[in-house]
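One structure is given below, encoded as structure tokens.
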Amino acid sequence: MTRTVLILGASGRFGRNAAQAFAARGWQVRRFDRSTDDLHRAARGADVIVNAWNPQYPDWQRQLPAITQQVIAAAKPSGSTVIIPGNVYVYGADAPERFAPDTPHRATNRLGRLRIEMEAAYRAAGVRTIILRAGDFLDTEASGNWFDMAMAKRAARGTFTYPGAMDRAHAWAYLPDLARAAVGLAGMRDRLDMFEDVTFPGYTLTGAELGAAVNAVTPVRVTQMSWWPLVMASPFWPLARYLREMRYLWNKPHHLDAARFDALLPGFQHTPVQEAVARALEFQVNPDQMVAQPAT
């Protein structure tokens, strides 16, 4: 029986990887085109809708509620399960270090509150929903995430810049792995709760550990990022204000609990962290600069 997934945001970070992962597992993949497609029509017959639409931070307050209602309205008549790549913003600066499905959502900052409201809307709507929650992304191509946009952009010149304290644990997710996990959860969607919150364990790395992983791929000097340029830019660059709002996550130790994930997807094979870091650096660094990685 053919299974169909509709990908919203198929050219973005999670959407691109999800489209590839679903296709590799034999799903019929529909890539939504905002310029030509009608969402209700595109959702008809879709078993799963992957909502990978993610506006820029300054647009969240204006766009997120509308996007949420559009997706809910499309999913209800089609009976589709909605899969959303969740983040860790909902927990807040005062949350415990362990982020799990039962960790209260108590964020008080703007971005955290908007994500809390978005998830609450799906829960209240009675649409079958899977939040696959992850840390910061490692991708296989430039996609505007923290790693490639700020940290590794000067790796080819021998510098890797870290935004926080080097000794604090931070959660990371390799996007091809996260997308494979989404496919696995989609396959068991009818056996899950109507609203399922799954924390993706990924990798937990201190800044020093991540820097060492980068150094194993290409020689770099690891430095700490100065936040002063963002402070100075904040009055006239709205994005800078939102980036600063989430600064606490680079100094707050945290990790994503694996218990629920492992119970649902036992035996899931995560890509070794060194391989994931190497893949995330391939488009940043001249191949001649890279240390040969062992075959896997």
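The values are calculated or read from the model by the stated rules, or taken from the named source; none is laboratory data. Quantities reported herein were computed from a predicted structural model and do not represent experimental measurements. No Cβ is skipped: glycine too gets one built from the backbone with ideal geometry, and neighbour counts run over all protein chains shown.
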Of the residues in the range 119-141, those that are in a helix (DSSP H, G or I), crowded, with 20+ Cβ neighbours inside 10 Å and touching a Pro at 6+ places or on another chain (Cβ under 8 Å) number 0
May I ask you to say which residue of VAL273, VAL277, VAL285 is closer than 19 Å to GLU141 by Cβ, in contact with a helix residue (DSSP H, G or I) (Cβ under 8 Å, 6 or more places away or on another chain), at pLDDT below 95 and among the β-branched types (Val, Ile, Thr)? VAL285
Number of the condition not met by ARG34 [criteria: (1) surrounded by fewer than 20 Cβ atoms within 10 Å (Cβ to Cβ); (2) more than 21 Å from GLY144 (Cα to Cα)]: (2)
Select from the range 196-223 the residues that are over 16 Å from GLY158 (Cα atoms), part of a loop (DSSP other than H, G, I, E, B) and among the hydrophobic types (A, V, I, L, M, F, W, C) and list them in ascending order. PHE200
Answer yes or no as to whether ALA156 is touching a residue at least 24 places away in the same chain (Cβ under 8 Å), of a type in the set (Gly, Ala, Ser) and in contact with a Pro (Cβ under 9 Å, 6 or more places away or on another chain). no
Among the residues of the range 219-237, is any surrounded by 16 or more Cβ atoms within 10 Å (Cβ to Cβ), in contact (Cβ under 8 Å) with a residue 12 or more places away in the chain and hydroxyl-bearing (Ser, Thr, Tyr)? no
Pairs, first under 12 Å from LEU39 (Cα atoms) in the range 65-88, second polar (S, T, N, Q) and surrounded by 15 or more Cβ atoms within 10 Å (Cβ to Cβ), C-beta under 8 Å, six or more apart: ILE67/ASN51; VAL71/ASN51; ALA74/SER80; ALA75/THR81
Please verify whether MET188 is hydrophobic (A, V, I, L, M, F, W, C), under 18 Å from MET246 (Cα atoms) and touching a helix residue (DSSP H, G or I) at 6+ places or on another chain (Cβ under 8 Å), treating the condition exactly as stated. no
Conditions (1) within 15 Å of LEU210 (Cβ to Cβ); (2) among the charged types (D, E, K, R); (3) buried (at least 18 other Cβ atoms within 10 Å of the Cβ): number failed by ARG180: (1)
List every residue pair whose Cβ atoms lie under 6 Å apart, where the two residues are 6 or more positions apart in sequence or sit on different chains, the first residue falls within the range 23-34 and is touching a residue at least 12 places away in the same chain (Cβ under 8 Å), and the second residue, located anywhere, is surrounded by 13 or more Cβ atoms within 10 Å (Cβ to Cβ) and assigned to a loop (DSSP other than H, G, I, E, B). TRP27/ARG3; ARG31/ALA10
Here's a check for you: in the range 1-15, which residue that is in contact (Cβ under 8 Å) with a residue 24 or more places away in the chain and within 17 Å of the chain's Cα centre (by Cα) is surrounded by the fewest Cβ atoms within 10 Å (Cβ to Cβ)? GLY12
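So that you can scan it fast, the table gives a plain yes or no per residue for (1) on the phi < 0 side of the Ramachandran plot; (2) touching a Phe, Trp or Tyr at 6+ places or on another chain (Cβ under 7 Å); (3) among the acidic types (Asp, Glu):
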| residue | (1), (2), (3) |
| --- | --- |
| GLY79 | no, no, no |
| ASN87 | yes, no, no |
| ALA120 | yes, no, no |
| ARG123 | yes, yes, no |
| VAL127 | yes, no, no |
Being of a type in the set (D, E, K, R) and at pLDDT below 95 is true for just one of ASP167, ASP193, ASP136, ASP148. Which residue is that? ASP148
Take the range 149-182 and flag every residue that is touching a Gly at 6+ places or on another chain (Cβ under 6 Å) and either part of a helix (DSSP H, G or I) or closer than 20 Å to ASP262 by Cα (or both). ALA171, TRP172, ALA173
Picking from ALA18, ALA43, ALA52, the residue that is touching a strand residue (DSSP E or B) at 6+ places or on another chain (Cβ under 8 Å), within 24 Å of LEU239 (Cβ to Cβ) and crowded, with 20+ Cβ neighbours inside 10 Å would be ALA52
Checked the range 104-113 for anything crowded, with 20+ Cβ neighbours inside 10 Å and either under 14 Å from LEU256 (Cα atoms) or in contact with a helix residue (DSSP H, G or I) (Cβ under 8 Å, 6 or more places away or on another chain) (or both); matches are ALA107
